[in-house]
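What follows is calculated from the coordinates using simple rules that are stated; it is not laboratory data. Just so we're clear, the structure is a prediction, and the values are computed from it rather than from any experiment. Cβ atoms come from the backbone with ideal geometry, glycine included; neighbour counts cover every protein chain shown.
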């Protein structure tokens, strides 16, 4: 009797395990569907297809010009966007230009956002150092900048002394920076002289 009870208990346990496995598979499938629903909500299928074909076309352009991957991908996206519009207009009277433009920008904006950010950062850094050279606020900072630019210039000049024509632009750039720093310290010196002269005039008027 106990053997029969154990047999049915084992069958019941197996049924429970099978039900648990089925529920786990069902939950995994639902999570899988939710993931792709969310994915295609964030990334429309048109964008995904455009990206896939752009990458395929990119491999062709990269074989021609391997040093410009960003430009190659941009050309691929724009070219496929025009093809998309062309074939869409052949088979349909109403063409959604906004959908094509949106799909293209969905790829192009992230592609160029990093480059634009790097350009803005580089431009801001360049303007900061130019202002620091042209209009120094403190005498010690101006002297430090001249010393730094002088050593950079001498390092470039000595390093390129066997190939000056090929590196003329680099040497001229360092020389211009040194000249700008010298002009900045001259301006700071002139401002100090003007301030001292103004202060002397005020003191003399006060005494009189």
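Below are the figures for this structure:
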| read-out | value |
| --- | --- |
| Which labelled figure in [x] 69, 32, 23; [y] 27, 24, 15; [z] 34, 18, 15 is semi-axes √(5λ) of the Cα gyration tensor in Å, once derived from the coordinates | [x] |
| Rg/Rg_ref, the stretch 75-195, where Rg_ref = 2.2 N^0.38 Å and atoms are Cα | 1.88 |
| Sorted by Cβ density within 10 Å, fewest first, the residues 112, 158 | 158, 112 |
| Mean projected area in nm² (Cα convex hull; one quarter of hull surface) for the stretch 50-116 | 4.8 nm² |
| Burial ordering of 108, 73, fewest other beta-carbon atoms within 10 Å first | 108, 73 |
| Within a Gaussian network of the chain (alpha carbon springs, distance under 10 Å), most fluctuating of 131, 34, 26 | 26 |
| Highest-MSF residue in the chain out of 155, 184, 122 [GNM, Cα springs under 10 Å] | 155 |
| Value of [θ]222 nm, deg cm²/dmol, for the chain, DSSP H segments ≥ 4, -39500 (n - 2.57) each, nearest 500 | -32000 deg cm²/dmol |
| Alpha-carbon centroid distance for the pair the stretch 162-186 / the stretch 13-71, whole angstrom | 53 Å |
| Sorted by Cβ density within 10 Å, fewest first, the residues 64, 56 | 64, 56 |
| Between 0 and 90°, nearest 10: helix 2-42 axis offset from the chain longest Cα axis | 40 degrees |
| Three semi-axes of the equivalent ellipsoid, the stretch 1-42, Cα gyration tensor, whole Å, largest first | 40, 4, 4 |
| For the chain, built as a Gaussian network whose Cα springs stay under 10 Å, the top-fluctuating residue of 45, 36, 119 | 36 |
| Taking the chain and dividing mean pair separation by its residue count, relative contact order in percent (alpha carbons under 8 Å, at least six apart) | 15 percent |
| Inter-centroid distance (Cα atoms) of the stretch 136-151 relative to the stretch 115-129, Å | 22 Å |
